[in-house]
Amino acid sequence: IRSIQDPVVIASNDSSHIHLEERGDIKLLIHGWNADAEHTSMQPVRNAYLRLNVSHVVAADWREIAGMPYIFARDLIGVIGRRICELFKGFVARVKVSPENIHIVGHSLGNFSIKKDGNSISSIIYSL
C-alpha cells in the first residue's frame, strides 16, 4: 500500500510503468480553486481512504488553472472536467473496476469540474 508520503505520479502522457491492482475500488479526489492535490482540504479525505485500504486513491491535480484568478479558473472548469474524465477513463479501463466501485470526491470548484462529465464514469459523486 502506498502512503501520502510515497505517492505515485501518473503523467497524462504515460502511465504504462505503474503497477496497478486489478479490480477493487477507486476514489478520485479533485481539489478546488487556489489549491493543489496536496492541499490541506484534501488530506483528511485521502488519509481516511488510505486507512480503509482502498485499492486506488487518485488525486487529479489541476493546480496551474486552479491558481489563476477565480473568474478565469471558473471559465475553464468545463475543459478541466473533460480532461480529467478522459484521463481517468483510461486509468479505470486498466484496472477493470466496475462503475459502482468508483467514487468521485470534488472540493469547491473541483466539484463543478466533474459534475457534467463525471456521470459517464460513476454515479457516485460527492461534493465537499
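Read the figures in this text as sums done on the coordinates, not as results from a lab. Everything quoted here is computed from the prediction, not taken from an experiment. Glycine gets a Cβ as well: all are built from the backbone with ideal geometry, and neighbour counts include every protein chain shown.
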| query | Could you name the lysines in cross-link range of LYS96, using Cα to Cα under 16 Å and dropping any fewer than eight places away on the same chain? | reply | LYS27
| query | For region 34-127, which trypsin sites (Lys or Arg not before Pro) are in a loop by DSSP, counting at most 16 other Cβ atoms within 10 Å? | reply | LYS96, LYS116
| note | Of region 85-112, those with amide N under 12 Å from the point 7 Å along the Cα→Cβ vector of SER120 are 85-90
